[in-house]
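*Asks:* Handing you a structure now.
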Amino acid sequence: MTITDLSHEIDASILAKALIAGRATGADFAEIYIEDKRSTSAGLDDGKVEQVTSGRDRGAGIRVIAGDTTGFAHTADLSESGLLAAAAAAAAAASQGGGGVNTVAFAPMTRQSVNSVRIVPSSVAKSRKVELLMQANDAARSIDGAIVQVSAGYADSMKRILVANSDGVFATDEQVRTIFRISAVANGDSGMQTGYESLGHTMGFEMFDDNDVAELAIRAARQAIVKLRARPAPSGAVPVVIKCGSGGVLFHEACGHGLEADLVAKGASVYKDRRGELVASPLVTLVDDGTMTAEWGAIGIDDEGHVSKRNVLIENGVLTEYMWDYIRARNENRPQTGNGRRQSYSHLPMVRMTNTFVLNGTQDPEDIIKNTPSGVYVAKLGGGSVDTASGDFVFGMTEAYLIENGEITEPLREGNLIGNGPQVLQDIDLLGNDFAMGGPGTCGKDGQGVPVGDGQPTLRVKSLTIGGTAA
Amino acid sequence: MSGSSLDSELQLVADRIVAQAKKGEQIEAYVSRGQETEVRVYEGNVEHFVSAQSQGINVRVISNGRTGTSYAGTLDESALAEVLAEARENAELGSVDEWAGLAEPDGVAVVEQELWNEKLESYPTARKIELTKELERLTLGIDPRVRIDSADYSDASIESAFATTKGIRVSGRENGCYTSVSTLADDNGETQTGWGFAVGKYPDEFDLSKAARDGVERATRLLGAVKPATKRTTVVLDPFVTASFLSIIGSTLNGEAVSKGRSIFANRLGEAVASPVFTLIDDPTDSRAYSATDIDGEGLAARRNVLMQDGVLQMFIHSSYSARRAQTVSTGNAIRGSGTPGVGCLALQVGLGTKSQQELIADIDDGVLIQSVQGIHSGVNAISGDFSTGASGLMIRNGATAEPVREFTIASTLQRMLLDIVAVGADIDWLPMSSVGVSLVINDITMSGV
């Protein structure tokens, strides 16, 4: 089964008419973003497949820019009259008077897709998807009687997009994503503990050829079981070692958001005016790469119709580049970087990360632990958040252990860690050679969620504040 | 949704889906159509103006104890047929669940709410833009150290209809609006952030001056903040922070979580789980609440439920599904999502104390006022009870606020925090959330810093 790109279903001449209508009040830019998304999800809880859900979202968002003002309207009506009405609404929203005649000539279509989808999820029987849930449930419950509850979720989506604008951009992409999540609850003398694992890729159902959901389920269950004997996490500042593939969220929060050009332009980032400066330990080279096939944040084109790119943001500790969308790049008269993204057709695009990661260092990860007399080893991180203006950020640890005399010892209860971005980047003093990407993430900004990936090798931060209750 | 059953166009769409039920099949249809306006102002100009329309349908089918759901973001005829067909197909794949089923009408009377304001509907667009600019101007006029990240205005209206094969039929409409400002304050190369907002039934009710003052105060009072020493201390949660805390506590009283063995308060009914000064009530029928509503996500009357009285756990909240599992009745707490309704609090409030925040602080020799928390989603686990968040605020010394502090965490467990509440303020603030804001004093919290 192949996927048809949206240009076969949408008449380009109607798009051109709508773009002309969008600029009829004198605006200098008009853009149409069309999305057709189908999704399937299934959820298991308490041993039962509680529901299977199908969803369909289809519509267009029309953006018109006049001077510094953006007008935006969206509609679920993709007919010629629907698109023209939305274009008129967007034009009115952006209108600053004026008016005039304009034309649109599309460049040859860009069809860029990072998917190498072998098995389109909609071609797989839903019963097969439901079976995966049962397998995971059985596996998690099989390892220990202390596992008292399991929930699991499967979801896939196929999102086809088409972007056309008055500069002549005409591009399509098909983004297929598949995700599986499992969480387990263990009960013991000290109360309940939870374990969670997820697996998600920008690929089709073939994801399950190389990944066993039972194994994933057992990992989640073991995490909960181990934590039954966890002690309260320490409080205060300690050295922290973060396992490869689990700590990319640290960079996402400590500096990723702060390198987004919209926040920089408003002076809401501690990294404003710091290009060319040493902002991190020289060990750190940070990359944002939308082209990484199959990773959760991969995109063929961004949601403004530009081909995704690999952008080096920090090189050997020196800040080299911010991430840009169309508007911010236009204001600075420089190229965008393929980072203009939006949650759906009903949202305005803005600067967003894709897959953000730190390249390998040279240390053996074993040595990093051995060289840490005491501290905390974080094997799995939860989410995080950042105040980009002050640089203060937090991230949660969902699986962590004490390090005593250079060895990993007791498991710790959950908590947040807090640090200041620029300080923490300087404080990275050991970097491993075991790079791995982490699990699928959803990054929230200004009310919009987009899929992102992250990754890093095992590393040490010489001092981070850990939010436990133990002395 | 207001609890009338007008034969609106949407009601007819919902009715038509439900009328297609086959023998032994239960169907629920929820149909909605909405409009929203969003204005963002920056440096005196409109940065963006969004005018949007949306529509959608959610269908749930239960057949032989199996549930399937489907939704579409359009009301096209072809989509309507497809949505029902998909939900039916999906229902064949679910497990048989003896408790699956739609809500039965329970005869509880609906407390009518005024959820629609005609003045908002006819409010001129130009004035929406003007008031957003005004908020930015007011904020910039207070303190030269303050800049604006953005000033925003947002309104939304939604019309919806609901029908089930159990004979529940309701349709109605509601609208709402708010405005907010995000601030940045600079001093000595340091930047801190703040925010302020105003709510009202329509924009003329906004208190823009208060929103501006709050935005300025929150950002400027953190300037020069230092990282505090690690210690156990007493915290005063600012009303906004308390609202987040109450939402988490509310989630632990979810009857479905209790049945499924995920609540820290299972088997604790009738026991003192909180301090005697703490009374927790979910009351969506109180029209002062921002999230006041007349019906829940299954079309049953929303109602006042006392969850904890003087610290004693009184009840769990239920949808019709969780109630059947627990052999009790729905408490009108079904929450709509894209699939089967969940269970949640609709409008939490607490029994008030007698003191203002300043008076509460005057009673504390050594503590910290928590202005904001960071990372509730990553550092609080409602199943284990672990609580750990990033925080910023002001130290309290000898009964008064002192130097600002930031980049620290506060930690305890939910179970202990409830028992360690020493006072509830009288400073109620009806925030644009589903929990009320009020100052809350909690002892024995670990503050982790240097």
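*Asks:* What is the sum of charges around B:S154, taking Lys and Arg as +1, Asp and Glu as -1, for the other residues whose C-beta is under 14 Å from the C-beta of B:S154?
*Replies:* Within the 14 Å Cβ shell, the charges total -4.
*Asks:* Moving on to the next point. Ranked highest first by average number of other Cβ atoms within 10 Å, how do A:208-219, A:459-470 line up?
*Replies:* Ranked from most to least packed, the peptides come out as A:459-470, A:208-219.
*Asks:* Further, regarding this structure: At a threshold of 8 angstrom on Cα-Cα distance, excluding pairs fewer than six apart, so keeping six or more, what relative contact order does segment B:326-397 reach in percent?
*Replies:* Details: 63 pairs, mean separation 18.1, N = 72.
Result for segment B:326-397 is 25 percent.
*Asks:* At 7 Å along Cα-to-Cβ for each site, give me the label-to-label distance between B:K22 and A:A107 in nm.
*Replies:* Taking the two extended label points, one gets 5.3 nm.
*Asks:* If I model a spin label at B:R232 and B:R145 as a point 7 Å from the Cα along the Cα→Cβ vector, what separation in nanometres do I get?
*Replies:* Roughly 3.5 nm, to one decimal.
*Asks:* Rg over Rh of the protein assembly as shown, using C-alpha atoms and the Kirkwood radius, what does it come to?
*Replies:* 0.94
*Asks:* Using only Cα atoms, find the angle between the long axis of helix B:9-18 and the longest principal axis of chain B, and express it within 0 to 90 degrees, rounded to the nearest 10.
*Replies:* Its long axis makes an angle of about 60 degrees.
*Asks:* Sticking with this one: Once you sort the root eigenvalues of the Cα gyration tensor of chain B as a ≥ b ≥ c, which label holds: rounded (a/c under 1.5), prolate (a/b larger than b/c) or oblate (the other case)? List each step's numbers first, then the result.
*Replies:* Numbers: a/c = 2.25, a/b = 1.37, b/c = 1.64.
Since a/c reaches 1.5 but b/c is at least a/b, the shape of chain B is classed as oblate.
*Asks:* Subtract the Cα-Cα distance of B:S338 and B:V277 from 0.36 nm times their separation in residues, and report this length gain in nm to one decimal.
*Replies:* In short, 18.2 nm is gained.
*Asks:* For A:V226 and A:L278, calculate 0.36 nm times their separation in residues minus their Cα-Cα distance, and state this gained length in nm to one decimal.
*Replies:* My answer for the length gained is 14.7 nm.
*Asks:* What percent do you get for the relative contact order of segment B:225-450 when only Cα pairs under 8 Å and 6+ apart count?
*Replies:* 32
*Asks:* Pull up the cross-link candidates among the aspartates and glutamates for A:K17, meaning alpha carbon to alpha carbon under 18 Å and not fewer than 8 places away within one chain.
*Replies:* Those aspartates and glutamates meeting the cut-off are A:E9, A:D28, A:E31, A:D77, A:E80, A:D167.
*Asks:* Among the GluC sites (Glu not before Pro) in segment B:155-203, which ones are in a DSSP loop with at most 12 other Cβ atoms within 10 Å of the Cβ? Mind listing them?
*Replies:* Numbers: sites: B:E159, B:E174, B:E190; in loops: none.
Loop-located and lightly packed - none at all.
*Asks:* Using the number of other C-beta atoms within 10 angstrom as an exposure proxy, rank B:T252, B:T328, B:T409 with the fewest first.
*Replies:* Listed from fewest to most nearby Cβ atoms, that is B:T328, B:T252, B:T409.
*Asks:* Using a cut-off of 12 Å between alpha-carbon atoms, which aspartates and glutamates can reach B:K227, once sequence neighbours fewer than 8 places away in the same chain are excluded?
*Replies:* Straight-line reach from B:K227, under 12 Å: A:D392, B:E403, B:E407.
*Asks:* Go through segment B:271-332 and name the trypsin sites (Lys or Arg not before Pro) that are in a DSSP coil and have 12 or fewer other Cβ atoms within 10 Å of their Cβ.
*Replies:* B:R288
*Asks:* Angle, helix B:125-140 long axis vs. longest principal axis of chain B, Cα atoms, 0 to 90°, nearest 10?
*Replies:* Value to nearest ten degrees: 20.
*Asks:* Give me the distance between the Cα centres of segment B:196-251 and segment A:178-242, rounded to whole Å.
*Replies:* 34
*Asks:* By its C-alpha gyration tensor, with a ≥ b ≥ c as the square roots of the eigenvalues, how is chain A shaped: rounded for a/c under 1.5, else prolate for a/b larger than b/c, else oblate?
*Replies:* Oblate shape, in that a/c is at least 1.5 and b/c is the bigger or equal ratio.
*Asks:* Sticking with this structure for a sec: Sum -39500 (n - 2.57) across every DSSP H segment of at least 4 residues in the protein assembly as shown, then divide by the residue count to get the 222 nm mean residue ellipticity, nearest 500. Intermediate values should be presented prior to the final figure.
*Replies:* Values: 21 runs with 188 residues, N = 921.
Result for the protein assembly as shown, helices only: -5500 deg cm²/dmol.
*Asks:* In what sequence, highest mean first, do B:311-322, B:417-428 appear when ranked by Cβ atoms within 10 angstrom?
*Replies:* Taking the mean over residues of other Cβ atoms within 10 Å, the ranking is B:311-322, B:417-428.
*Asks:* If I take the Cα coordinates of segment B:398-450 and project them onto the principal axes, what are the three extents in Å, biggest first?
*Replies:* In descending order, the Cα extents are 35, 28, 23 Å.
*Asks:* Looking at this model, which pairs from A:K129/B:K22; B:K119/B:K210; A:K48/A:K445; A:K243/A:K462 are more than 24 angstrom apart at the alpha-carbon?
*Replies:* A:K129/B:K22; A:K48/A:K445
*Asks:* Let a ≥ b ≥ c be the square roots of the eigenvalues of the Cα gyration tensor of segment B:175-278; is it rounded (a/c under 1.5), or, if not, prolate (a/b larger than b/c) or oblate?
*Replies:* Oblate, because a/c is 1.5 or more while a/b does not exceed b/c.
*Asks:* Give me the distance between the Cα centres of segment B:303-344 and segment B:58-77, rounded to whole Å.
*Replies:* 23
*Asks:* Before anything else, pin down the relative contact order of chain B: Cα pairs under 8 Å, at least 6 apart, normalised by residue count, whole percent.
*Replies:* Value for chain B: 16 percent.
*Asks:* Test of the criteria: in segment B:198-307, which GluC sites (Glu not before Pro) are in a DSSP loop and have at most 16 other Cβ atoms within 10 angstrom of their Cβ?
*Replies:* Counting only loop positions with at most 16 other Cβ atoms within 10 Å, the GluC sites (Glu not before Pro) in segment B:198-307 are B:E271.
*Asks:* How high is the FRET efficiency from B:K201 to B:D429, r the C-beta distance, R0 22 Å, rounded to 0.05?
*Replies:* Efficiency computed from Cβ-Cβ geometry: 0.85.
*Asks:* If each residue's Cβ is checked for other Cβ atoms within 10 Å, how do A:I147, A:I327 rank with the fewest at the top?
*Replies:* Lowest to highest Cβ neighbour count: A:I147, A:I327.
*Asks:* Give the order of A:E404, A:E414 when sorted by the count of other beta carbons within 10 angstrom, beginning with the fewest.
*Replies:* Placing the least packed residue first, the sequence is A:E404, A:E414.
*Asks:* So what's the net charge close to B:R66: Lys and Arg +1, Asp and Glu -1, counting the other residues with Cβ under 12 Å from its Cβ?
*Replies:* That works out to -3.
*Asks:* Right, something else. In a shell of Cβ-Cβ distance under 13 Å around B:Q192, excluding B:Q192 itself, what net charge do Lys and Arg (+1) and Asp and Glu (-1) give?
*Replies:* Its environment carries a net charge of -4.
Just so you know, all these numbers are worked out from the coordinates, no wet-lab data involved. Just so it is clear, the model here is predicted, and its values are computed rather than measured. Here the Cβ is made from the backbone with ideal geometry for all residues, glycine too, and neighbour counts use every protein chain on show.
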